Amino acid sequence: MIGLKSTLNCIDNSGALLVECVNVLKRKVNNGWGTVGDEIVCVVKRARPINAATQASVTAVKVRRGDVRRAVIVRTRKAVRRPDGRLIRFDDNAAVLLNNKREMLGTRIGGMVNADLRMKGWGKIVSLAPKPKKRPSKADLQLFDPLHKLPLC
């Protein structure tokens, strides 16, 4: 649950590292708290340093400290319940910065995001984010000898 003065990590390559929430947009319920997929207005609190070499490049830093930008919440520490009963929780709160046309400001995503974003209209963010590694099933683990790590086939 993200509210006023909440700090979020910025996980895109727009140049911001840490943002602070100032307002949660388009939320009539929940008293102004934002969850995964909600838009917020935020202030850039920490940004990457700007060099003379980086200013001339194509991947120049797009934001500076103190800029007011829109963002979408992509991860929260508060657990989100799925319809099948599972709880999805992350280690930190994170957001992706947007421009005025509701498009991503950066071109890459630097961490995993909640898959529920796709249902809320943020499919491009989900498609650019890295996918979680799948754990091996019990059937896969039984194929190997635990002492020698050699296949038993």
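Under the Karplus relation 6.51 cos²θ - 1.76 cosθ + 1.60, θ = phi - 60°, what is the ordered set of whole-Hz ³J(HN,Hα) values for segment 112-122, x standing for Gly and Pro?
So the J values, rounded to whole Hz, are 6, 10, 6, 6, 5, 4, 4, 6, 9, x, 10.
Can you compute 3J(HN,Hα) from phi for each residue in segment 65-82, using the Karplus curve 6.51 cos²θ - 1.76 cosθ + 1.60 with θ = phi - 60°, rounded to whole Hz and x for Gly and Pro?
4, x, 5, 9, 9, 8, 8, 10, 6, 10, 9, 9, 6, 5, 5, 10, 8, 7
Pull out the extension gain between T107 and D67, defined as 0.36 nm times the separation in residues minus the alpha carbon to alpha carbon distance; nm, one decimal. Kindly include the intermediate steps, with their values, before the conclusion.
Numbers: separation 40, 0.36 × 40 = 14.40 nm, distance 1.88 nm.
Roughly 12.5 nm would be gained on extension.
Under a 5 Å amide H to amide H cut-off, with H placed in plane at 1.01 Å, what residues pair with S6 once short-range neighbours are removed?
C21
Scan around L18 for amide H atoms under 5 Å from its own, H built in the peptide plane at 1.01 Å from N, and keep only partners 5 or more places away or cross-chain.
Long-range HN contacts for L18: C10, K45, R46.
From the backbone phi of segment 85-101, what are the Karplus-calculated ³J(HN,Hα) couplings (6.51 cos²θ - 1.76 cosθ + 1.60, θ = phi - 60°) in whole Hz, Gly and Pro given as x?
Couplings: x, 6, 10, 10, 9, 10, 7, 8, 9, 9, 9, 10, 6, 10, 9, 6, 8 Hz.
Here, each number is a calculation from the coordinates, and none is a lab measurement. Note that this is a predicted model, so its numbers are computed, not measured.
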